[in-house]
Amino acid sequence: MLKKKEMNWDPPVKTDPDQTAEDDPAKESSADANRPLEKMSPPELLEKIKQLSEESKKNYDLYLRSQAEMENVRKRNKRDREEWLKYANESLIKEILPIMDNLERAIAHCQNDVSLTALREGVELTLKNLQSALIKSGVEEVKSCGEDFDPCYHEAIAELADEKAGPGTVLQEFQKGYLLNKRLLRPAKVVVCKAAQTQPNQTANPEGVCEKSIES
């Protein structure tokens, strides 16, 4: 008969979770780092102080860098704003330069020709070019004549009586007002129609005789 072979079998060794955690160096180091300072030994306290000092130095360096970056941003924004303000009217000036050229041509033309008609046509053309340039930049005139007086856009310099116009109506315009992108640049100086003054009723005595009380 065949003999049965004897097999040596070792049962698995049970591990204790608590013992494994204690034997793990990483967990042990983390546990040591989270221990209260009162339970640390002097060497551990020195190591903790060194670690915190290095972290503090890194944080301070990051703070200085962020402050320097913020200062650079402020300086750059200030420089860009100054540059923008310096050349903000560049497009408007470019529109006005051809108008100056037309004025110079009109003056030169008047020196050779005394015709007032040619001078008037040149000035009218220059005025139209100037008005067109201002309109492109958002400038528009304030409506005045025939409109109701508006203190937000009109400045009354005189009052006149006019039976055809109602009280508060603008009759004349001495100086035009202008808006820039719907914001008032200057008010229009106008003459306003005033309300008709009613004469107080007077008791007339047709005979011109003074009435006196008769003493009884």
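Derivation of every value follows stated rules applied to the coordinates shown; laboratory data play no part. As the structure is a prediction and not an experimental result, all values here were calculated from the model. Cβ atoms come from the backbone with ideal geometry, glycine included; neighbour counts cover every protein chain shown.
Are there GluC sites (Glu not before Pro) in region 116-169 that DSSP puts in a loop and that have at most 13 other Cβ atoms within 10 Å, and which ones?
Here the GluC sites (Glu not before Pro) that fit, given the DSSP loop and packing criteria, are Glu163.
Could you tell me what percent of the DSSP beta bridges with both partners in region 140-197 are antiparallel, to the nearest 5?
If I count the DSSP bridges inside region 140-197, around 60 percent turn out antiparallel.
Return one quarter of the surface area of the convex hull spanned by the alpha-carbon atoms of region 43-88, equal to its mean projected area, in nm².
Result: a mean projected hull area of 2.6 nm².
Between the DSSP loop rule and a limit of at most 16 other Cβ atoms within 10 Å, which chymotrypsin sites (Phe, Trp or Tyr not before Pro) in region 63-97 are left?
In loop regions of region 63-97 (DSSP not H, G, I, E or B), the sparsely surrounded chymotrypsin sites (Phe, Trp or Tyr not before Pro) are Tyr87.
Hey, got the Cα dimensions of region 93-137 along the principal axes, in Å, largest first?
Computed over the Cα atoms, the extents are 35, 15, 5 Å.
Calculated FRET efficiency, Gln175 and Glu147, Cβ-Cβ r, R0 22 Å, to nearest 0.05?
0.90
Report, in listed order, any pair from Lys78/Lys128; Lys128/Lys164; Lys75/Lys182; Lys86/Lys136 with a Cα-Cα distance greater than 28 Å.
Lys78/Lys128; Lys128/Lys164; Lys75/Lys182
How much FRET efficiency would the formula 1/(1 + (r/R0)^6) give for His109 and Arg79, where r is the Cβ-Cβ distance and R0 is 45 Å, rounded to 0.05?
So the FRET efficiency works out to roughly 0.45.
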